[in-house]
1. Before we move on, is Ser121 out of contact with any Leu (no Cβ under 7 Å at 6 or more places or on another chain) and outside any helix (DSSP H, G or I)?
2. In the stretch 200-251, what residues are closer than 20 Å to Glu159 by Cβ, of a type outside the set (A, V, I, L, M, F, W, C), modelled with pLDDT of 95 or more and assigned to a helix (DSSP H, G or I)?
3. Only residues that are out of contact with any Asp or Glu (no Cβ under 8 Å at 6 or more places or on another chain), within 28 Å of Ile153 (Cα to Cα) and open to solvent by less than 60 Å² (accessible area, probe 1.4 Å): list them for the stretch 180-192, please.
4. For residues in the stretch 141-195 being in a helix (DSSP H, G or I) and of a type in the set (Ser, Thr, Tyr), which is modelled with the lowest pLDDT?
5. Looking at (1) open to solvent by 60 Å² or more (accessible area, probe 1.4 Å); (2) of a type in the set (Val, Ile, Thr); (3) under 18 Å from Glu218 (Cβ atoms), can you tell me which one Val136 breaks?
6. Looking at Asp225, Asp200, can you tell me which residue is within 26 Å of Gln27 (Cβ to Cβ), of a type in the set (D, E, K, R) and touching a residue at least 60 places away in the same chain (Cβ under 8 Å)?
Amino acid sequence: MITDEVWKLPAIVDRFLSFRAAIPLAQEQIGVMMSILKSRAQPVEKFMDLGCGDGILGATILGEYPSSRGVLIDFSEPMLEQAHQQLKEYSEQLTFMNLDYGDAAWVNSIQTHGPFDAIVSGYSIHHQPDARKHPVYEEIFSLLKPGGWFINIEHIAAESQLAVDLFNNHIIEARYALEQKNGGTKTKQEIADIYMKRPDKDANILLPVNTQCDWLREIGYEEVDCYFRVYELAVFGGRKPNRQSKIENRK
């Protein structure tokens, strides 16, 4: 089985959603995303959530910009179903698309829905081979309006073994606490074994955040930075230059 295909399995999706509370500083990461978007002079009118999962990022954007319209993309039908259920009150404003952006042809399917004020992604692009990540960032750039933001909440490669160990320990401790809170009987060692041997682990193709930020700069994004980082998690991205500001800068 191709490693990222596990995300098409309902059991894997359910387990991820049930344990998402174990992600360190998950709310803060989304908060950083929203702080970046709110730095815009104009409200977000049109957005895309790439690899949307259950739609948490799209839901957050809609909470701040309730009249915005969004396109939510995922190649996992179980995830799209979760997103559709979670966001049914906004159904008339949203388009759900079952697309695999690992295939460059995905852009052809989305062109008529853009361009976008914001494209966001959460824990998704790291499943792509490194050779595919750079083209994905180029494709995202092409779909943004001038002044539009790309923000990636992502699983990245740590630069030290200690950071890897701290991240794994945090997840295991948090999942064990959830097990106890929910009246489960698994020991901490059992939780650790399940986590370290999880079937979706091989789908993680991690890359340092600095490398990815350098790629964004090469493509042409501005204001590129890693705006948040904890262990193996980061919030990074950049903005497509505003054409008007570039013209003014040349004067």
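1. no
2. Listed by number, the residues that qualify are Asn210, Thr211, Gln212, Asp214, Arg217.
3. Hit for the stretch 180-192 is Ala192, nothing else.
4. Filtering the stretch 141-195 for residues that are in a helix (DSSP H, G or I) and of a type in the set (Ser, Thr, Tyr), the one modelled with the lowest pLDDT comes out as Tyr195.
5. Of everything listed in (1) open to solvent by 60 Å² or more (accessible area, probe 1.4 Å); (2) of a type in the set (Val, Ile, Thr); (3) under 18 Å from Glu218 (Cβ atoms), Val136 misses just condition (1).
6. Asp200
The values are calculated or read from the model by the stated rules, or taken from the named source; none is laboratory data. The structure presented is a predicted model; accordingly, all values stated were derived computationally and were not measured. Glycine gets a Cβ as well: all are built from the backbone with ideal geometry, and neighbour counts include every protein chain shown. Protein only, heavy atoms only, side chains kept; ligands, DNA and RNA dropped before computing areas. Shrake-Rupley method; radii C 1.70, N 1.55, O 1.52, S 1.80 Å.
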